[in-house]
Amino acid sequence: MPPRLTTRQILITGIVLAAIGAALALVTNGWLTVILQSADVPNAIAGSIAIIVREICMTLGLVLIGVSLLARIVESTAQGDENGN
């Protein structure tokens, strides 16, 4: 089954997700320190959810960037084989 996204779309998606993760890291670090120091359970849960979302965005973004670069290499090699034969 052919992929639904092109390598360029995968790269752009990875960059956007990594940027969202970085922005969340910059924005949430200050208020997470305040929230997690309090003993209020709902605030601690909200802080934990923000940390999880931040890590998922950053990790998935970096993985997609790497996969898009690998897909470009495989795609160019496949096109070279088709043109050579």
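Brief remarks follow.
- Simple spin-label estimate for V63 and T28 in nanometres, 7 Å along Cα-Cβ: 1.7 nm
- Note on surface exposure: S48, S68 rank S48, S68 by accessible area, highest first, 1.4 Å probe.
- The distance between label points at E55 and I73 comes to 2.8 nm (points 7 Å beyond Cα on the Cα→Cβ vector).
- The listed residues R54, R4, once ranked by accessible area (1.4 Å probe) with the largest placed first, stand as R4, R54.
- In the assembled protein chains, L5 presents an accessible area of approximately 90 Å² (probe radius 1.4 Å).
The values are calculated or read from the model by the stated rules, or taken from the named source; none is laboratory data. Here the structure is a predicted model, which means the values were calculated and not measured. Positions of Cβ are generated from backbone atoms using ideal geometry, with glycine treated the same way; all protein chains shown enter the neighbour counts. Accessible surface areas use protein heavy atoms only, side chains included; no ligands, DNA or RNA. Shrake-Rupley method; radii C 1.70, N 1.55, O 1.52, S 1.80 Å.
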